[in-house]
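Mind having a look at this structure? Questions to follow.
What follows draws every value from the coordinates through simple rules; no lab data is involved. The shown structure was predicted, so the numbers you read here are calculated from the model rather than taken from an experiment. Reconstructed Cβ throughout: ideal geometry from the backbone, glycine too, with neighbour counts over all protein chains shown.
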Amino acid sequence: MEATQKVEINVPRRKSEFQKFIKVLLARKVVVISLSILFLLVVVAIFAPWIAPYNPYTQNIANSLQPPSKEHILGTDQLGRDVLSRIIYGSRASLIVGFSSVALAGVIGSTLGLVAGYFGGILDSIIMRFMDALLAIPPIVLALSLGAALGGGLVGVVVALGVALIPTYARLMRGQVMAVREMDYIKAGEISGISNLRNILVHVMPNCISPIIVLATLNLGIAILAEAGLSFLGLGVNPPQAAWGSMVNDGYQYLSRLPGLSFAPGLCIVLVVMAFNIVGDALRDALDPKLRGSL
Amino acid sequence: MSHLLEVKNLKTYFKLNDQTVKAVDDVSYHVNEGEIVAIVGESGSGKSVTQYSGIKLIPQSAEIVSGEVIFEGSDLLKYKENSEEMRKVRGGKIGVIFQEPMTSLNPVLTVGEQIMESVMLHKQFSRKRAKERAVELLNMVGIPDAQERVNHFPYQFSGGMRQRIMIAMAMSCDPKLLIADEATTALDVTTQAQLLELLKDIVKRTNTSIILVTHNLGIVARYADRIYVMYAGRIVESGENKDIFIKPKHPYTIGLLNSVPRLDDPKDRKLIPIEGLPPDLANKPKTCSFLDRCPFKMEACEYSPAPQLVEVDKGHYVSCYADIKGNDWNLKFEEEFASASEQVIMKKEWKSKENNGVILEVQNLKTYFPFTKGIFNRKIADIKAVDDVSFKVYKGETLGLVGESGCGKTTVARSIIRMYEPTDGKIIFNGTDIAKMSKRNLKNIRKNMSLVFQDPSSSLDPRQKVFNIIGEPLIINKLVDSKKELHERVEELMRLVGLDPNLKDRVPHEFSGGQRQRIGIARALASNPSFIVCDEAISALDVSIQAQIINLLEELQEKLGLTYLFIAHDLSVVRHIADRVAVMYLGKIVEIGDWKSLYDNPKHPYTKALLDAVPIPDPLIEEQREHKVLKGEVPSLLSRPKGCVFSNRCPIATDECREMDPPLSVEENGHGVACIKV
């Protein structure tokens, strides 16, 4: 049996998946810029106490509503607090709300979707009807009422946004799982007697996760925007804590005199949300093995 | 005489990343009026791109670098992609029939509208006249009740019917040239034969020329006048039909012919695969592109530039440096090949394995699927995918299960391994009935049976390393005690199927199609099963790769004493590999027997029709064969004919057949037929 020992050497050239992924991801300049913005945001949020020139909570009524100057680069607000320092501290609230609410929604939503899609039947019907009910309530109304019920504050915002986002993840995951379940490689596992748990963890989940990652990235922007909206409506973080949304709200009254008070935090929101959206789009392309192959 | 179509030095390149893929690299050919020309090649050989370059139907990333495509005296490449002139040619003077009949018709327009569209555009017919023309065309391509059917939507037609409609559309403006791009590949053999006979008939009647783009050598032998063989973007050999098949000169052509099983092969012929893989078209060597796989390469080939086509006989061109003018070239090839690859050309003499004892017995197996309707999923009927099927499989043999798509052969296989729940009947495996066994007890049985899937790319988890894929059955069934043992076993399995164990950390898409199928086979072998179901295991592969896998399966069988249930639609392959064969039609076995008595002496009219429809890659034999074409199509499982399921298409059916469902009557030698007329 010589022939079986003969080995085929002509395997296509090796290039690691990760290298290809990075190459596609960083193919466009705008993505690199967005990633840098997000990186900067994280650094600023973590090292806020060292970066901020002033304590964001120190009030100085005598020095209130100052236009930008050498001491206060972005001026001071109505209580005389340094606007730049408050923006720097405000990035923490944005990031915490963004990541925690998306993590909450992502974990719960995709788990529900996974269970519904994998096991199907009555379980699927129950979970998905529940999700439909949740989906029927406008998310901002849901967040408002939940926020009000939980008494505002960071936790309230996170839970409110998290719950509002759950159905999208469940729907997406369920669809993915149902498509992947029909693939022959899942059947191959079933034939050799694989357990449900192993099947889900080893085969189903890794093949369903990419769109979830993309959605999560896009939702980070949405969550930050929604947090700003809720803060603007007075349901966000509790004062005197700094958050971009509430800062826009506070500066709103002085828009004609000191537009910077609202514009500076507003610009931060716009930049970060845009950056997340662009990165999300780029991730979608980079995570798709088919698109990746063509580049 | 000037040619209808003459392509000169065509080069079409694809730009991908920073690489240039030379898909069509200096190709010249011509087509005369009323001629059927075949372009033969495996996937990736550039045969389709060559055709689409001329009518500028190529993807955006492709660029026609140079060349001329002269059609009726004018160079098509001079026309802009969407210019008036080009549109007149496309659809008007050159018609195209695409491969996939399911996606090439617009589902929201009636077929009549779609045919009328091009008639009205190219011939300026009024709507009324266009409709008449559409009906006339549908009649021509053999669609019954054309007057009525012209108003139907594509989904109301079967695959074969849709392909007929595609032909009608392509013929609608009396084109001079038809390009049939793998037009019959997706269809069943009997439908394929119907359509090709239709095309041939059209050529005769209208003096249209046809370019048949295909990988199926049998079709080519039966229908083509002249043949061009393409490999890696170039034409390596061209000539009259008989030149190519009887006196092939290029090592690739010879290799291709040797690697295909034929219906008239001696049973003990071993297939001679073309070892290796086609070259990467982006980094094509400057030398002959077949060099790596050529058993005849000489020293000169290693450093000489790629050979040009040279006329070796009248009208027979070959691009090869070897001394190929001699007439004993073929014989020499086989001898040298055999010694070069240290392979024996002959298999062991065939022996029946009925004395080995039964490993699997299927008794009255029925697998029904519910057909539901409405929002409450009310069951209104059973789809009887498998209806009362019984057979035995003996230890160490290969039972071939053949039939056209929808006949239930895959359902039988999947019921046996309990991927589908059988509705009724017994599946006795090694003495135990597993048809109703619980999932937990089944686990012990499943170690002993496994499945090789059809499509190697969808049956391997794209995110798992080869090591994990092959090792999974070992881990699940706790067949190894330690990490070390697992590694050793996986490496052993990889060597067994001809894969380099050093590649175990790679993911499936880093492998070629044939190699992926090897991974699938290694996984199937992992738990040391005695019984393996091969579900169309080779039909997704290129012909030269098919031979490699068939040989591998045969070697493994001999080495490990495996029993195969080999499911396929390709009757030549089944004849080559199977000891016994069962023919299925509409969920029933209509004929079963050992390969010799079944192929030499088919009894059921359906088996006869199937065998008639399979073309043999030898024009001399094809000339003598009578081309009987089976009429009609496989009916839907929901409207099964009364009595014998084949009665509505059977040439010898009588009223009696339409009343009584014939039982499978088995003769002494095990040859069984379900027909009351024999």
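I need the Kirkwood Rh of chain A: take the reciprocal of the average 1/r across all distinct C-alpha pairs and report it in angstrom. Walk me through the numbers before you get to the answer.
Details: mean 1/r = 0.0460 Å⁻¹.
About 21.8 Å for chain A.
Quick one: the Cα spread of segment B:117-161 along its three principal axes, in angstroms, biggest first?
Ordered largest first, segment B:117-161 gives principal extents of 31, 16, 15 Å.
Quick one: of the DSSP bridges fully inside the protein assembly as shown, what percent are antiparallel, nearest 5? Present the calculation step by step, with values, prior to reporting the outcome.
On the way: 63 of 100 bridges.
Around 65 percent of the beta bridges assigned by DSSP in the protein assembly as shown are antiparallel ones.
Could you check how many percent of all C-alpha pairs in segment A:245-291 are farther apart than 17 Å? Each step should come with its number before you reach the end.
Working: 541 of 1081 pairs.
When every Cα pair of segment A:245-291 is considered, 50 percent fall beyond 17 Å.
With point charges of +1 on the Cβ of Lys and Arg and -1 on the Cβ of Asp and Glu, referenced to the Cα centre of chain B, which listed residue (B:I246, B:N9, B:A130) lies farthest in the positive direction of the dipole?
Of the listed residues, the answer is B:A130.
From other protein chains only, count the Cβ atoms within 10 Å of every residue's Cβ in B:464-477, then give the mean. Please report the intermediate quantities before stating the final value.
Numbers: counts 5, 0, 0, 0, 1, 3, 0, 0, 8, 6, 1, 4, 7, 3.
Whole-number average of other-chain Cβ neighbours for B:464-477 is 3.
Filter the trypsin sites (Lys or Arg not before Pro) in segment A:50-104 to those in DSSP coil with at most 11 other Cβ atoms within 10 Å of their Cβ, and list the result. Working shown, then result.
On the way: sites: A:K70, A:R81, A:R86, A:R92; in loops: A:K70, A:R81.
Listed in order of number, the matching sites are A:K70.
Taking N as the number of residues in segment B:526-675, what is its Cα Rg relative to 2.2 N^0.38 Å?
On the way: Rg = 17.3 Å, N = 150, 2.2 N^0.38 = 14.8 Å.
Compactness ratio reported: 1.17.
Please label the shape of segment B:428-559 as rounded, prolate or oblate, based on the square roots a ≥ b ≥ c of the eigenvalues of the alpha-carbon gyration tensor (a/c under 1.5 means rounded; beyond that, a/b larger than b/c means prolate, else oblate).
Working: a/c = 1.76, a/b = 1.24, b/c = 1.41.
Oblate is the answer for segment B:428-559, as a/c is 1.5 or above yet b/c matches or exceeds a/b.
For segment B:123-178 and segment A:99-121, what is the separation of their Cα centres, given in Å?
50
Which percent of Cα pairs goes in each bin when the distances of segment B:500-579 are cut into 5 angstrom slices starting at zero?
With a bin width of 5 Å, the distribution comes to 3, 13, 27, 25, 19, 10, 3, 0.
About the Cα centre of segment B:396-528, what is the dipole size in debye to 20, counting +1 per Lys and Arg Cβ and -1 per Asp and Glu Cβ, all else neutral? Could the numbers behind the result be given before it?
On the way: 22 positive and 16 negative charges, 85 e Å.
Charge dipole, segment B:396-528, about its Cα centre: 400 debye, nearest 20.
Which entries in B:K409/B:K443; B:K384/B:K603; A:K23/B:K8 show an alpha-carbon gap greater than 29 Å?
A:K23/B:K8
What net charge is computed for the residues neighbouring B:K483, neighbours being all others with C-beta under 13 Å from the C-beta of B:K483, Lys and Arg scored +1, Asp and Glu -1?
On the way: positive: B:K484, B:R489; negative: B:D481, B:E485, B:E488, B:E491.
With Lys, Arg at +1 and Asp, Glu at -1, the net is -2.
Sum -39500 (n - 2.57) across every DSSP H segment of at least 4 residues in chain A, then divide by the residue count to get the 222 nm mean residue ellipticity, nearest 500.
On the way: 13 runs with 207 residues, N = 295.
For chain A, the value works out to -23000 deg cm²/dmol.
Against the 2.2 N^0.38 Å scaling, with N counting residues, where does segment A:115-198 land? I'd like the Cα-based Rg ratio to two decimal places. Show your work: numbers first, answer last.
Values: Rg = 17.2 Å, N = 84, 2.2 N^0.38 = 11.8 Å.
Rounded to two decimals, the normalised Rg is 1.45.
Only counting other Cβ atoms within 10 Å, I'd like B:L442, A:L84 sorted with the fewest neighbours first. Working shown, then result.
Working: B:L442 14, A:L84 19.
In order of increasing Cβ crowding within 10 Å: B:L442, A:L84.
Sticking with this structure for a sec: Which of the trypsin sites (Lys or Arg not before Pro) found in segment A:158-258 are in a DSSP loop and have at most 14 neighbouring Cβ atoms, other than their own, within 10 Å? Let's see the in-between values first.
Values: sites: A:R171, A:R174, A:R181, A:K187, A:R198, A:R257; in loops: A:R257.
In loop regions of segment A:158-258 (DSSP not H, G, I, E or B), the sparsely surrounded trypsin sites (Lys or Arg not before Pro) are A:R257.
Could I ask something else about it? How many percent of all Cα-Cα pairs in segment A:51-167 sit more than 17 Å apart? Spell out each step's value before the answer.
Values: 4518 of 6786 pairs.
Tail fraction, whole percent: 67.
Okay, next question. Of the cross-linked pairs B:K11/B:K247; B:K176/B:K631; B:K478/B:K559; B:K366/B:K426; B:K392/B:K642; B:K270/B:K504, which ones have a Cα-Cα span greater than 19 Å in the structure shown?
Cα-Cα > 19 Å for B:K11/B:K247; B:K176/B:K631; B:K478/B:K559; B:K392/B:K642; B:K270/B:K504; rest within.
Can you list the aspartates and glutamates whose alpha carbon sits under 12 Å from that of B:K439, skipping same-chain ones fewer than 8 residues off?
B:K439 reaches A:E190, B:E421.
Lys pairs in segment B:78-174, Cα-Cα under 22 Å, at least 8 apart or on separate chains: how many?
11
When you take every Cα atom in segment B:45-171, what is the radius of gyration, and what is Dmax, the widest Cα pair distance, in Å?
Gyration radius and largest Cα-Cα distance of segment B:45-171: 16.0, 48 Å.
Please report the relative contact order for chain B, taking Cα pairs under 8 Å with a sequence separation of at least 6, and give it as a percent rounded to a whole number. Can you show the working numbers first?
On the way: 1324 pairs, mean separation 87.1, N = 678.
Value for chain B: 13 percent.
Could you give the dipole magnitude of chain B about its Cα centre, charging the beta-carbon of Lys and Arg +1 and that of Asp and Glu -1, in debye to the nearest 20? Please report the intermediate quantities before stating the final value.
Details: 90 positive and 92 negative charges, 418 e Å.
Magnitude of the dipole: close to 2000 debye.
OK, next. Debye calculation, C-alpha points only, no solvent: report log10 I(q)/I(0) for the protein assembly as shown at q = 0.06, 0.07, 0.10 Å⁻¹, in the same order as the q values.
The Cα Debye sum returns log10 ratios of -0.57, -0.75, -1.29.
In peptide B:513-521, what is the residue-averaged number of other protein chain Cβ atoms found within 10 Å of each Cβ?
Partner-chain Cβ atoms within 10 Å, mean over residues of B:513-521: 1.
Next up: Please average, across the residues of A:200-211, the number of beta carbons from any other chain that are within 10 Å of each residue's own beta carbon, and give a whole number.
Details: counts 0, 0, 6, 4, 1, 1, 4, 4, 0, 1, 1, 0.
Mean shielding count: 2.
Could you tell me which of A:P53, B:Q464, B:N32 has its Cα farthest along the dipole of the protein assembly as shown towards the positive end, charges placed at Cβ (Lys, Arg +1; Asp, Glu -1), taken about the Cα centre?
A:P53
Suppose every K and R has +1 on its Cβ and every D and E has -1 on its Cβ; what is the size of the dipole of the protein assembly as shown about the Cα centre, in Debye to the nearest 20?
2340
Continuing with the same structure: Given the rule -39500 (n - 2.57) for each run of at least 4 DSSP H residues, summed and divided by the residues of chain B, what is its mean residue ellipticity at 222 nm, to the nearest 500 deg cm²/dmol?
Values: 22 runs with 215 residues, N = 678.
Taking each H run of at least 4 residues, the total per residue is -9000 deg cm²/dmol.
Taking every pair of alpha-carbon atoms in segment A:63-110, give the share separated by more than 17 Å as a whole percent. If you can, show how the numbers build up before the last one.
Values: 568 of 1128 pairs.
Within segment A:63-110, distances greater than 17 Å cover 50 percent of Cα pairs.
Find the all-direction average of the projected area of the Cα convex hull for chain B, expressing the result in square nanometres with one decimal place.
Numbers: hull surface 131.8 nm².
So the mean shadow area of the Cα hull is 33.0 nm².
What does DSSP give for chain B in terms of the percent of beta bridges that are antiparallel, rounded to the nearest 5?
Values: 62 of 99 bridges.
Antiparallel bridges: around 65 percent, rounded to the nearest 5.
May I ask for the net charge around B:E404, where only other residues with Cβ less than 12 Å from the Cβ of B:E404 are counted and Lys, Arg are +1 while Asp, Glu are -1?
Numbers: positive: B:K409, B:R649; negative: B:D188, B:D570, B:E633.
Result for the neighbourhood of B:E404: -1.
Could you point to the residue in B:G408, B:A183, B:S172 farthest towards the positive end of chain B's charge dipole, with +1 and -1 charges on the Cβ of Lys/Arg and Asp/Glu respectively?
Ranked along the dipole, the leading option is B:G408.
Using the Kirkwood radius over C-alpha pairs as Rh, can you work out the diffusion coefficient of segment B:135-217 via Stokes-Einstein at 25 °C, viscosity 0.890 mPa s, in µm² per second?
Working: Rh = 13.2 Å.
So the translational diffusion coefficient is about 186 µm²/s.
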